[in-house]
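Have a look at the structure below, then the notes.
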Amino acid sequence: ENSELYKRMQDGVFTMRDMHEHLTNTMKLGPMNKIMEMIPGMGQLAAGMGENSQQALKGFLYMMDSMTPAELDDPKIKKTMTPSRMARIARGSGKNVVDVNNLLQSYNKFEE
């Protein structure tokens, strides 16, 4: 399962579903601020989060859980994400639109 994820990442095909799977696996490893320092694009978040890192990752997962299957599987999600979709995801996850935008920015960093 993990080998499939890493193969897709190497092939340049990376979706929100892949990110969800990766973050879920990462949460199983232990304290998030230590783990996040090792994830590409997440180093800055780790430095500022400290003990709140677990909550931040859970927030990302809640937002991804509020997405449709089509949104989760769209590798160009940033381009297809509209303000109304962002508002729906925010409402469904108990977050705000700024948090959804932060998720999308982290996804872009993660994807690189």
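Structure notes:
- Tabulated pairs, the stretch 73-88, first at positive phi, second part of a helix (DSSP H, G or I), C-beta under 7 angstrom, 6+ apart or interchain: none
- All helices (runs of 4 or more DSSP H) inside the stretch 10-112 with 1 or more residues being buried (at least 17 other Cβ atoms within 10 Å of the Cβ), among the β-branched types (Val, Ile, Thr) and at pLDDT below 85: 32-36
The values are calculated or read from the model by the stated rules, or taken from the named source; none is laboratory data. Not measured: the values here are computed from a predicted model. Every residue, glycine among them, receives a Cβ derived from its backbone with ideal geometry; neighbour counts consider all protein chains shown.
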